[in-house]
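Asks: Would you mind keeping the following structure in view while I ask a few things?
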Amino acid sequence: MAQKAVKTIGVLTSGGDAPGMNAAIRSVVRVALHHGLKVKGIMRGYAGLLEEEIVDMDSTSVSDIISRGGTILYTARCQEFVTPEGQEKGAEICRRHGIDGIVVIGGDGSFRGAGKLSALGINTVGVPGTIDLDIACSDYTIGFDTSINTAMEAIDKIRDTSTSHERCSIIEVMGRRAGYIALWCGVANGAEEVLLPERYEGDEQGIINRIIESRKRGKSHYIIINAEGIGHSTSMAKRIEAATGIETRATILGHMQRGGSPTCKDRYYASIMGAKAAELLAEGRSNRVIAYKLGEFVDYDIQEALQMKKDIPEEQYRFAQMLVR
Ligand code: ADP
Ligand code: F6P
């Protein structure tokens, strides 16, 4: 794709928020300013773009935000932008505001939108921001580390009360269709079961048998980490209680997993990825996604990135199965 000089860039956050998005915004703004570009913040993702919610940003606009969860630009999902008319309107609004490049911080869906803007002549670069770790081109996504630590601490607490009452606990963690949060917490929390959408075949009787067996061996609790992609934790708890006679409670951790001050790892990855995105735009590049691959920060063509596939690493899953029992 031909490179064109960029003078003003916009930055937006889109899809589910993730801790570290603010660190990424800060980095985009500061590095773009360093390269002599003007920066505008686009509020509420593509929805705000279509509503022309656009504000000028300078270095102080991003002061004191690196430690804050959420996103100062707010985020949203926007159906109108999925349509060609919405995308054309978005590109036209960019042109009217003198925005010739955009950094989109979000997940796969947001990158699809970024690809469309790029095809309409607005230089775009995506930065992977989602707690789900489900972006195929990247070994890391901003927010994952904070989220698993938040979930891990919550699960430790549930484990205390589960032990005291000699109960079985099913704890549902986020991840949309991906099981990465469940896998990491299952291992890190020393759970008895970890159920991942990528692997679970619905053998509930097997789980029931193992619960009965473990109780016979004297185990006082039984922690099941269930991924959101499997879901149905409450009904599963009822069936397990009926079949085992052991009190069983379901806890859905929910949106607490998306909040909180980002960990050092999230702040660092967000800062480097945001910087790289701003620098690519400053060089006139477009239609790229920043990724972390095999220990390096790299960038890919958006369409190539969206076609990549990712799965739970088989060896890690195998070890998890040995550890959780
Ligand atoms: P995430 O970016 O976290 O995957 P979503 O899948 O909800 O979150 O996508 C965020 C937004 O990106 C959507 O609300 C929509 O505005 C935009 N988007 C998603 N898919 C497309 C698409 N195929 N074309 C254009 N825009 C899209
Ligand atoms: O993509 C992040 C995520 O938190 C997923 O884990 C979850 O499925 C989804 O967003 C929840 O979205 P919402 O905030 O719209 O309920």
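The values are calculated or read from the model by the stated rules, or taken from the named source; none is laboratory data. This structure is a prediction, so every number in the text was calculated from the model and none was measured. Here the Cβ is made from the backbone with ideal geometry for all residues, glycine too, and neighbour counts use every protein chain on show. Calculation scope for accessible area: heavy atoms of the full protein, side chains included, ligands and nucleic acids excluded. Shrake-Rupley method; radii C 1.70, N 1.55, O 1.52, S 1.80 Å.
For (1) free of Cβ contacts under 8 Å to residues at least 60 places away in the same chain; (2) part of a helix (DSSP H, G or I); (3) among the small types (Gly, Ala, Ser), each residue gets a yes or a no:
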{"residue": "ILE105", "(1), (2), (3)": "no, no, no"}
{"residue": "MET152", "(1), (2), (3)": "yes, yes, no"}
{"residue": "GLY175", "(1), (2), (3)": "yes, no, yes"}
{"residue": "GLU201", "(1), (2), (3)": "yes, no, no"}
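Asks: Return the residues of segment 132-157 that are open to solvent by less than 10 Å² (accessible area, probe 1.4 Å), within 15 Å of ligand 1 (Cβ to nearest atom) and of a type outside the set (Phe, Trp, Tyr); say none if nothing qualifies.
Replies: Correct list: ILE135, CYS137, SER138, THR141, ILE142, GLY143, SER147.
Asks: With respect to the numbered conditions (1) within 15 Å of ligand 1 (Cβ to nearest atom); (2) more than 11 Å from the chain's Cα centre (by Cα); (3) open to solvent by 30 Å² or more (accessible area, probe 1.4 Å), which one is the sole condition not fulfilled by ASP160?
Replies: So ASP160 meets the others, but not (1).
Asks: Next question. If I ask for residues that are closer than 26 Å to ALA5 by Cβ and touching a helix residue (DSSP H, G or I) at 6+ places or on another chain (Cβ under 6 Å), which ones from segment 60-72 would you list?
Replies: Residue satisfying the conditions is VAL62 alone.
Asks: Let me ask you something else. Go through segment 1-99 and tell me which strands (runs of 3 or more DSSP E), entirely inside it, have 2 or more residues that are within 16 Å of ligand 1 (Cβ to nearest atom).
Replies: Passing ranges, in order: 8-13.
Asks: Go through (1) farther than 16 Å from ILE171 by Cβ; (2) out of contact with any strand residue (DSSP E or B) (no Cβ under 8 Å at 6 or more places or on another chain) for HIS255 and report which single condition fails.
Replies: (1)
Asks: Read through the list (1) part of a loop (DSSP other than H, G, I, E, B); (2) surrounded by 24 or more Cβ atoms within 10 Å (Cβ to Cβ); (3) in contact with a helix residue (DSSP H, G or I) (Cβ under 7 Å, 6 or more places away or on another chain), then give the number of the only condition that ILE170 fails.
Replies: Every condition holds for ILE170 apart from (1).
Asks: Then there's this: Does segment 156-164 include one or more residues that are assigned to a loop (DSSP other than H, G, I, E, B) and either in contact (Cβ under 8 Å) with a residue 24 or more places away in the chain or away from ligand 2 (no atom under 11 Å from the Cβ) (or both)?
Replies: Taking every residue of segment 156-164 in turn, none turns out to be assigned to a loop (DSSP other than H, G, I, E, B) and either in contact (Cβ under 8 Å) with a residue 24 or more places away in the chain or away from ligand 2 (no atom under 11 Å from the Cβ) (or both).
Asks: Does ALA242 satisfy being over 23 Å from ALA178 (Cα atoms) and touching a helix residue (DSSP H, G or I) at 6+ places or on another chain (Cβ under 7 Å)?
Replies: So ALA242 fails the test.
Asks: Any chance segment 268-281 includes a residue that's surrounded by 17 or more Cβ atoms within 10 Å (Cβ to Cβ), in the same structural domain as GLU153 (by TED's automatic domain parsing), in a helix (DSSP H, G or I) and in contact with a helix residue (DSSP H, G or I) (Cβ under 9 Å, 6 or more places away or on another chain)?
Replies: No, because not a single residue in segment 268-281 is surrounded by 17 or more Cβ atoms within 10 Å (Cβ to Cβ), in the same structural domain as GLU153 (by TED's automatic domain parsing), in a helix (DSSP H, G or I) and in contact with a helix residue (DSSP H, G or I) (Cβ under 9 Å, 6 or more places away or on another chain).
Asks: Now for a different question. Please find, within segment 282-300, the residue that is surrounded by the fewest Cβ atoms within 10 Å (Cβ to Cβ) out of those that are touching a helix residue (DSSP H, G or I) at 6+ places or on another chain (Cβ under 6 Å) and assigned to a loop (DSSP other than H, G, I, E, B).
Replies: ASN287
Asks: Just give me the residues in segment 212-233 being within 33 Å of the chain's Cα centre (by Cα) and open to solvent by less than 70 Å² (accessible area, probe 1.4 Å), in sequence order.
Replies: HIS221, TYR222, ILE223, ILE224, ILE225, ASN226, ALA227, GLY229, ILE230, GLY231, SER233
Asks: Pairs needed: first member in segment 252-280, farther than 18 Å from LEU133 by Cβ; second member anywhere, more than 16 Å from ligand 2 (Cβ to nearest atom) and of a type in the set (Phe, Trp, Tyr); C-beta distance under 6 Å; at least 6 residues apart or different chains.
Replies: LYS276/PHE297
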